[in-house]
Amino acid sequence: MTEATVMPLKPAPSRRSGPRRLDRPRLKLASLFLLAPAGILLPALFILPVCYAIYLGFTNLQLVGLHSVHYRFTGWANIAFMLSDASFYQSLWVTALFVVGSGAVGSTLLGLVLAIALQQAMPALRMAVSGLAILAWTLPPTTIALVWIASASPSGPIAAMMADMKADPLYDHALLIVSAANAWSLAGLAMIMFSAALRNVPKDMIEAGTLEGASSVQRMMRITLPFLKPTIVTSALLMTLLTFGNFTLIYLMTAGGPDNATNILPVYSYLEGFKFFNLGYSALLGNIIVIFSALLGSVFVFLGQSRR
Amino acid sequence: MLPRSRRRLVLSTTVLSALASIGIMASHVATAAAATVKVAYSLDYFMASPELTTKWFTGVKTQFETEHPGDTLQLIPIPGGYDDFTTKLSLLFNSHSTAPDIVQYAAVSVGQFAASDLLAPLDKQLETSSWWKTFPEPVKAEGMIDGKVYGVAEGENDYGLVYDRTLLSKAGLPHDWSPKTWQDILDAARAIKKAAPNSWPIWLMTGTSQGTYGVVAGAGVLLAAASNPTVLDPATNKWVVDSKGIREVLAFYRDASAEGLLAPSAQILDPNAGNNTGPLVPQHKIGIVFSGNWVPEDWSKTINQPYWPDPDKVIGFAPVPTSAGQTPGTGGSFGGWDLSVYKKSPHPDLAWDAVNIMQQEKNMLDLAANALVIPPVPAYTNDAAYLAMAEPPFQTDFAHLLYTEKAMPASAEFPVWAYAFQQATETMVLKPKTSIDDAVKAMKAYVSQQLGADRVEVMN
Amino acid sequence: MLNPGAKASKESDSGAPVPNPVSGLSFEKVFSNLTIAVLGVFFAIPMLWLVLASVDRRATYALKLPLLTFANFLAALQPENLGALGNSIIMSVIATVVGTVVAFLAAYSFSRHYIPWKGPVLLAILFLSGVPITVLIVPMYEMFSYAGWLSLVPTAILLAVTAMPFQIYLIKNFIDAIPLDLEEAAFIEKAGTLRVLRSVVVPMTMPGLASAAIFGFVNAWGSFLLPVVLISDVDQQTAPERLYGFMSSTSVNYGGIAAYSIIYSLPVVLLYVLMSRHFKAGFVLGGAVR
């Protein structure tokens, strides 16, 4: 049971042993009918575009310009361009920093600390702070971007806390600020996952540890954290995926700047396509994103399967 | 309760008759409105406020529909900052059903849209136009590609130095300061920093976030006054990615940033940087502003953000000097907002009529007041209404600059060069330890990668 | 992306855990409370700005006591701003209904019927739920512009499809957990499939359907990029785009922006508050992937 609590994304195990069906194993007309809407919409508006994007990634299509109407297949030209594109490498690096720093580590750690500390907190404080964390997570991305732009502006509270009204947090530490904003918006979800998992830590083990004279730090390191390990892995992966897709936050806060400091791949792909009008190259960058998310997804599924 | 079948019948009749009446209404509208001409424009970015934008275009619409009974001028206001406006405009143009017949946009975009074969050449109509004849040649050339006119200016922005006399006198500089070289500007900034350490000695826009237009208002102002201002070499038709001029500009940014003479990055790298200075100058926060013509107009009674009577007493004006004082002595860039007509417009004549209405003196002066631009017809700049838009002498000073300054080349490839140049100056501001060689190298690499190595050149 | 069948998710929605019965040292308590207080400030400050600025006559990006006014809310409720909210509602409702209904039909079939290559197909669907939406914009833009679909309704359908993989997964897991007996009984009485779905399966899957619907709604409501690129008619722009237009306008009205973004955020937050009472796990799961 406890395993199920920390393993999202794996198909729910059937309650009874072995697959149970109402019919014999053959495709029925009813199934076709029920599957038809999804079977048409998903390929037409999701899978086909992804495949079409693969093709467009090898063309010189432009949004506006010489090749907006008459574009052609350009073979490896876009790939060669990408491999010698310094902005692309910088974007990869920034993406890695953002996704790992803010997603895998930042949000997970923040959620973990929240969940653990909440256990010992005064009820009123507990209600208020967990409520705030969840509220932060429910806000739409555009609102999150707005409140963080305000907070990190030169006249905003972060600059005031740095006791330097001339400080300019969003521009001086752009990646740090967008990472904080992203973690701020995701920690509520991680907290919920960890709170749930913490409830399943066997109390007798902790009591036994206390009786044996283990300090609270020792109990944390030896009992609680090892018990939370699967949740930590799950949370880290989920946060990574969610952070990777978090285009809106960065685009609205910094549009990838200043000096490309926050130019993560999804933002770079959008800017190439819709600011510099190179739709073909933009599609290629999108394909790179698909490859990465497929890799991440595989790790996710692999961990889910292997834990069964 | 009606029986079920009967209810169904009632329902379907209602639906049917509703549909039918909508159909009749639609066909009625279609016959009544002989023609609809669509005009797209920036709601938030170009004029001083969305309300003024709406007011101006509603006026044009009323006038058009009075002169063409039965026809409609459909307004398509596009929200967002410069980049979002340009992107959205491109999206509209990409399908024939949404493409506007007329567009009002930055002149630096004309090249791209013309290269996509989206714009109609206007030379024929312009032959008989009375207002076109009066445009100064550089303004005419701004919307011209390969000898054909695709964009006609509606107003120009140009750039000079606006300085705070209080801060300068504190630093021991003359009341009527007039720098002869860029070194003079840096020296003055150093003195200001010493006398008033909390002030921002120089305010100069930089970076890529303002979009292509930002280069006209930032680094381009300096480049146009540098010892070699060439952007697109007319002899070879290649983009200049390394020149004495470019290096001078980068050095200016580097020195100003390294010595802490520039306003904070949030100010000068901001997507809306151009609008930050108006309210800040009255607070005596900035020493020397590389300023657009609209900044003093911000303090007028009509715009009022904030209203500031007699600014001339505390604020001085000077043209941007050339880098080392070489002839012609002053320089700078200008950039305008243009009107273009969609190539496949179903009503090209009506569209042209609408353009003519927008170019009428009263509308042009209103636009100049709303958008804080200089009218392209020189006579209008002597009009009392124009002169009253800001306290003297700023209106005249800025209007005169138009004849000595340079526009950026109208070309589909210009945004690529502009981005590389903005990027290079942004690097110098954020990382002043970068060598100029490296910055130039990066600029050259970017442009030659985007456009092809045969499209760039080094010029000295 | 959580397993709704999982026990823990059903229990937790407030995130407030049952206090550890083992009473620790008072130092531990003080330290925990202190940590929570500091983190509370971290979470509160950005939101505090939003609330204060929305009622401040002279709002800026600074955190300060407001000069009380409600003019900002009036400004935020101007007709064109309301229109944008209306567009968001239309788009999100279409996306929710289409996505949830289609996903339910498919999920039922996946749960109960024999389907060739079921495992690989489900796995492929699972992968789709992790693909960032950004990669769709270039091909979708080309396809929509070719078909002349750059408008609100096709975009709503597309948003429904982007939520669908996760919705299928979510609902299937719920259906998997319901016992077969009732359906078997209904089929023995020769009831048609649709009738069984409507009168037997739907009522029992309600929490799952509600979660999926909320997920679909939140997904469409928060979506910024797809409507910006795929809706060309300015009259059809949605609330986030309008909000962004506000933010990048030449004359920034900070109070109005704050007020508008509160109005814009409210439906999603309320949805969470209301739904968390009814369906414990619902929204938690629903909002997992924005």
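The values are calculated or read from the model by the stated rules, or taken from the named source; none is laboratory data. Everything numeric in this text was worked out from a predicted model, so none of it was measured. As a convention, Cβ positions derive from the backbone with ideal geometry for all residues, glycine included, and neighbour counts pool all protein chains shown. For accessibility, only protein heavy atoms count, side chains too; no ligands or nucleic acids. Shrake-Rupley method; radii C 1.70, N 1.55, O 1.52, S 1.80 Å.
What residues qualify as long-range amide H neighbours of B:A99, i.e. H under 5 Å apart, gap of 5 or more or another chain, H built at 1.01 Å from N?
none
Helix-derived [θ] at 222 nm for chain B: sum -39500 (n - 2.57) over DSSP H runs of at least 4, divide by residue count, nearest 500?
Calculated at 222 nm, the ellipticity per residue is -13000 deg cm²/dmol.
Sort chain C into rounded, prolate or oblate with this rule: let a ≥ b ≥ c be the square roots of the eigenvalues of the Cα gyration tensor; rounded if a/c is under 1.5, and if a/c is not under 1.5, prolate when a/b is larger than b/c, oblate otherwise.
It comes out oblate by the Cα gyration axes.
Under a point spin-label approximation (7 Å from Cα along Cα-to-Cβ), what is the C:F70-A:T210 distance to one decimal in nm?
5.2 nm
Per residue of A:267-278, what is the mean number of Cβ atoms on other protein chains within 10 angstrom of that residue's Cβ?
Mean partner shielding for this stretch: 5.
Need one number: buried accessible surface between chains B and A, 1.4 Å probe, both sides summed, DNA, RNA and ligands left out, in Å² to 100.
Approximately 2300 Å² gets buried when B meets A.
Collect residues whose amide H, placed 1.01 Å from N in the peptide plane, falls under 5 Å from the amide H of B:L119; neighbours closer than 5 in sequence don't count.
Long-range HN contacts for B:L119: B:K343.
Mind ordering C:50-63, A:174-187 by average Cβ neighbours within 10 Å, highest first?
So the order, starting with the most tightly packed, is A:174-187, C:50-63.
Just tell me which aspartates and glutamates come within less than 15 Å, Cα to Cα, of B:K170; anything on the same chain fewer than 8 places away is out.
B:D187
Quick one: if the Förster radius is 56 Å, what FRET efficiency do B:T327 and B:K55 give, using the C-beta to C-beta distance and rounding to 0.05?
0.80
Quick check: residue separation of B:D349 and B:A388 times 0.36 nm, minus the Cα distance between them. What number comes out in nm?
In short, 10.5 nm is gained.
For region C:79-286, what's the relative contact order in percent, using C-alpha pairs closer than 8 Å and at least 6 residues apart?
The normalised contact order for region C:79-286 reaches 33 percent.
How big, on average over all directions, is the shadow cast by the Cα convex hull of chain B, in nm²?
One quarter of the hull surface, i.e. the mean projection, equals 27.7 nm².
Measure off 7 Å from each Cα along the Cα-to-Cβ vector at B:L126 and C:F27, then give the distance between these two points in nanometres to one decimal.
Spacing of the two 7 Å Cα→Cβ label points: 8.2 nm.
Rounded to the nearest 0.05, what FRET efficiency do A:L29 and A:L295 have when you use their Cβ-Cβ distance and R0 = 45 Å?
0.70
How big a patch of accessible area, both sides summed and in Å² to the nearest 100, lies buried between A and C at a 1.4 Å probe?
Buried area between the two chains comes out at roughly 10400 Å².
Using alpha carbons only, how many angstrom separate the centre of region A:32-101 from the centre of region C:135-151?
13 Å
What is the calculated FRET efficiency for C:Y146 to C:I90, with r their C-beta to C-beta distance and R₀ = 25 Å, to the nearest 0.05?
Calculated transfer efficiency: 0.55.
For B:S169 paired with A:K229, estimate the spin-label separation in nm (one decimal), with each label point 7 Å from Cα along the Cα-to-Cβ line.
7.6 nm
Please tell me which of these pairs span more than 18 angstrom C-alpha to C-alpha: B:K124/B:K344; A:K28/C:K118; B:K140/B:K406; B:K38/B:K88; B:K244/B:K433?
B:K244/B:K433
For chain A, calculate the relative contact order in percent as a whole number, restricting contacts to Cα pairs under 8 Å that are 6 or more residues apart.
That works out to 31 percent.
Between 0 and 90 degrees, rounded to the nearest ten: what's the tilt of helix B:182-195 against the longest Cα principal axis of chain B?
Compared with the principal axis, the helix lies near 80 degrees.
Provide the per-residue ³J(HN,Hα) series for region C:147-155, in order, calculated from phi with Karplus coefficients 6.51, -1.76, 1.60 and θ = phi - 60°, each as a whole number of Hz, with x at glycine and proline positions.
Listing the rounded values in order: 8, x, 10, 6, 8, 5, 5, x, 5 Hz.
Suppose every K and R has +1 on its Cβ and every D and E has -1 on its Cβ; what is the size of the dipole of region B:137-279 about the Cα centre, in Debye to the nearest 20?
440 debye
Take every Cα pair under 8 Å in chain B that's 6+ residues apart, average their separations, divide by the length, and report that relative contact order as a whole percent.
Normalised by residue count, the contact order of chain B is 25 percent.
Under 19 Å between alpha carbons, and skipping anything fewer than 8 positions from C:K64 in its own chain: which aspartates and glutamates qualify?
A:D164, A:D168, C:D56
List the residues, sorted by chain then number, that are 5 or more residues from B:T72 or on another chain and whose placed amide H is less than 5 Å from its amide H.
B:A35, B:T36, B:V37
For every helix of n ≥ 4 consecutive DSSP H residues, a contribution of -39,500 (n - 2.57) applies; sum these over chain C, divide by its total residues, and give [θ] at 222 nm rounded to the nearest 500 deg cm²/dmol.
That comes out to -22500 deg cm²/dmol.
Pop out the ³J(HN,Hα) list for region B:172-179 in order, Karplus 6.51 cos²θ - 1.76 cosθ + 1.60 with θ = phi - 60°, rounded to Hz; leave Gly and Pro as x.
x, 9, x, 4, 9, 7, 9, x
Within a 10 angstrom radius of each residue's Cβ in B:435-446, how many Cβ atoms of other chains show up on average? Whole number is fine.
1
Whole-Hz ³J(HN,Hα) for each residue in region B:389-402, computed from phi via Karplus 6.51 cos²θ - 1.76 cosθ + 1.60 with θ = phi - 60°, x for glycine and proline: what do you get?
For region B:389-402, the Karplus curve yields 5, 9, 5, x, x, 4, 4, 5, 4, 5, 4, 5, 4, 3 Hz.
If you find the alpha carbon centre of region B:313-339 and of region B:246-304, how far apart are they in angstrom?
14 Å
In Å and from the alpha-carbon atoms only, list the Rg and Dmax of region B:299-420.
Just the Cα atoms of region B:299-420 yield Rg and Dmax of 17.8, 54 Å.
Starting from the Kirkwood radius over alpha-carbon pairs of the protein assembly as shown, derive D by Stokes-Einstein at 37 °C in a medium of 0.692 mPa s and give it in µm² s⁻¹.
Diffusion coefficient, whole number: 106 µm²/s.
Where in chain A are the helices, taken as whole DSSP H runs, whose Cα atoms extend 18 angstrom or more along the long axis and whose Kyte-Doolittle mean reaches at least 0.5?
Those that pass (Cα extent of 18 Å or more, hydropathy at least 0.5) are A:29-42, A:108-120, A:123-138, A:174-198, A:225-244, A:279-306.
How charged is the neighbourhood of B:G211? Take every other residue with its Cβ under 14 Å from the Cβ of B:G211, and add Lys/Arg as +1 and Asp/Glu as -1.
Computed value for this residue: -3.
Could you state the accessible area per residue of the protein assembly as shown in Å², with a 1.4 Å probe and every protein chain left in place?
Averaged over the residues of the protein assembly as shown, the accessible area is 38 Å².
Considering every residue in B:42-54, what mean count of other chain Cβ atoms within 10 Å of its Cβ is obtained?
Mean partner-chain Cβ count within 10 Å for B:42-54: 3.
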